[in-house]
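Enquirer: Okay, here's the structure, questions in a sec.
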Amino acid sequence: MSSRGWAQSPVGRVPDAVWLTGLPLMGLLASAGWTANIWTATQVGLAAFLLAAHAFWLNDRSDARFERQGAGPTRAAPPAAIVWGSAACAVGVLLSMRRSTMGYGVFVLVSAWLYSHPKIYWKGIPVVSNLLHALSGAAFFALGFVSGPGRGMEGLGLAVYFGLLFAGGHLFNEIRDREADCVAGVRTNCVRFGIEAAGRWALVEIVMGTLGLALMSVGGRVPGVWGGAGVVAAAVVVVAYRAASRAEFRPDPVRRFQRLYRAAYAGMAGVWFVAPPTLPMN
């Protein structure tokens with residue numbers, strides 16, 4: 001079975017979509033603090049979930065198609081009705097929101113198509129795919145931030161931070177999926193450059209983003225506790241990655257690393273939600 005086999009059913013992707021929904025909600029929190037309107041938060045959360053679910057399901061459907069062309073095991077593709085129905089629902093929610101929010105949402109949607117649609121499939125273009133993830137991660141955060149009153153450089157800085165985290169985190173996913181991608185003939189960054197090179201670049205992106213967050217925190221542009229939580233999370237990721245590297249990236253150590261990665265940033269998100277900015281950043 002391929003290393004992607006855990007996500008064979010559409011339902012298996014729901015937890016991942018819920019996980020990513022937190023990114024725009026953190027953007028809204030950074031913009032509005034606890035003054036965020038409940039209806040706005042609901043719209044942001046629903047749009048984010050639908051966009052993330054669509055991206056995952058489209059990616060799985062395209063992966064299944066490429067796996068059928070390879071020599072390895074294959075899996076059932078998510079039904080087209082679910083894939084494109086989630087996109088239509090996401091557009092419907094975005095149309096009910098302000099234009100700036102809708103614009104970022106459309107960018108995220110188009111990014112998913114560029115990356116995963118079998119007729120385009122930038123997933124198989126090294127470097128470009130990583131840049132696309134950085135841009136779409138920043139846009140996903142901005143979707144929430146512009147839904148609130150914040151309109152400052154803090155928003156741009158935080159968007160860059162999360163874009164780099166998003167791109168680095170996806171490179172770690174490529175390490176997990178490298179064997180399946182090789183069999184399917186998909187030239188991801190990890191397949192093209194190797195596990196060590198992809199992992200090191202992922203760490204560079206995360207460290208660069210964390211450094212920017214720390215500088216904003218020291219300069220008083222974002223709450224100090226946010227910067228501290230980000231630094232701690234990045235330190236956990238670096239230590240966990242080194243442990244997986246020493247274990248030669250065998251499947252169990254890689255899965256353990258990914259659990260620690262998610263736990264570290266879930267903890268950071270928890271700190272951010274407990275200690276939002278006193279006033280909206282603008």
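Enquirer: Tell me the residue from LEU171, LEU164, LEU132, LEU158 that is crowded, with 17+ Cβ neighbours inside 10 Å, over 13 Å from the mean Cα position of the chain (by Cα) and assigned to a helix (DSSP H, G or I), please.
Expert: Only one candidate passes the filter, namely LEU158.
Enquirer: Just give me the residues in the stretch 236-272 being surrounded by 13 or more Cβ atoms within 10 Å (Cβ to Cβ) and not in a helix (DSSP H, G or I), in sequence order.
Expert: If the condition is that a residue be surrounded by 13 or more Cβ atoms within 10 Å (Cβ to Cβ) and not in a helix (DSSP H, G or I), then ALA247, PHE249 are the ones that fit.
Enquirer: Has the stretch 199-218 got at least one residue that is modelled with pLDDT of 95 or more, among the acidic types (Asp, Glu) and surrounded by 14 or more Cβ atoms within 10 Å (Cβ to Cβ)?
Expert: yes
Enquirer: Enumerate the pairs (first residue in the stretch 230-254 and touching a residue at least 12 places away in the same chain (Cβ under 8 Å); second residue anywhere and of a type in the set (A, V, I, L, M, F, W, C) and not in a helix (DSSP H, G or I)) with beta-carbon separation below 9 Å, excluding pairs fewer than 6 apart on the same chain, so at least 6 apart or on different chains.
Expert: Between residues of the stretch 230-254 that are touching a residue at least 12 places away in the same chain (Cβ under 8 Å) and residues that are of a type in the set (A, V, I, L, M, F, W, C) and not in a helix (DSSP H, G or I), the close pairs are VAL254/ALA247.
Enquirer: Here is a list: ALA214, ALA202, ALA197. Which entry is in a helix (DSSP H, G or I), under 30 Å from ILE125 (Cα atoms), over 17 Å from the mean Cα position of the chain (by Cα) and among the hydrophobic types (A, V, I, L, M, F, W, C)?
Expert: Just a single option satisfies the conditions, and that option is ALA197.
Enquirer: Also: Out of ALA41, ALA48, ALA64, ALA53, report the one residue that is out of contact with any Gly (no Cβ under 6 Å at 6 or more places or on another chain), modelled with pLDDT under 90 and assigned to a helix (DSSP H, G or I).
Expert: ALA64
Enquirer: Next up: Hey, among the residues in the stretch 181-190 that are at pLDDT 90 or above and either of a type in the set (A, V, I, L, M, F, W, C) or not in a helix (DSSP H, G or I) (or both), which one's surrounded by the most Cβ atoms within 10 Å (Cβ to Cβ)?
Expert: Ranking the candidates gives CYS190 first.
Enquirer: Scan the stretch 112-131 and report the pairs whose first residue is within 19 Å of ALA64 (Cβ to Cβ) and whose second residue is among the charged types (D, E, K, R) and buried (at least 18 other Cβ atoms within 10 Å of the Cβ), with Cβ atoms within less than 7 Å and a gap of 6+ or a chain change.
Expert: What qualifies is TYR115/LYS123; SER116/LYS123; SER129/LYS123.
Enquirer: On to the next question. If a residue has to be of a type in the set (A, V, I, L, M) and touching a Ser or Thr at 6+ places or on another chain (Cβ under 7 Å) to count, how many in the stretch 146-182 make the cut?
Expert: 2
Enquirer: Among the residues of the stretch 1-17, write down those that are part of a loop (DSSP other than H, G, I, E, B) and either at pLDDT below 55 or in contact with a Pro (Cβ under 6 Å, 6 or more places away or on another chain) (or both).
Expert: Residues of the stretch 1-17 part of a loop (DSSP other than H, G, I, E, B): 1-4, 8-9.
Those that are part of a loop (DSSP other than H, G, I, E, B) and either at pLDDT below 55 or in contact with a Pro (Cβ under 6 Å, 6 or more places away or on another chain) (or both): MET1, SER2, SER3, ARG4.
Enquirer: Then there is this: Just checking, how many residues over the stretch 78-96 are crowded, with 20+ Cβ neighbours inside 10 Å and either farther than 30 Å from SER31 by Cβ or out of contact with any His (no Cβ under 7 Å at 6 or more places or on another chain) (or both)?
Expert: Qualifying residue count for the region: 4.
Okay, residues lined up against (1) closer than 30 Å to THR35 by Cα; (2) part of a helix (DSSP H, G or I); (3) touching a residue at least 24 places away in the same chain (Cβ under 8 Å); (4) not small (Gly, Ala, Ser):
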| position | (1), (2), (3), (4) |
| --- | --- |
| VAL108 | yes, yes, yes, yes |
| PHE141 | yes, yes, yes, yes |
| GLY148 | yes, no, yes, no |
| GLU179 | no, yes, yes, yes |
| ARG192 | no, yes, yes, yes |
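The values are calculated or read from the model by the stated rules, or taken from the named source; none is laboratory data. Treat the numbers as computed from the prediction; the structure is a model and nothing was measured. Note that we place each Cβ from the backbone using ideal geometry, even for glycine, and neighbour counts take in every protein chain shown.
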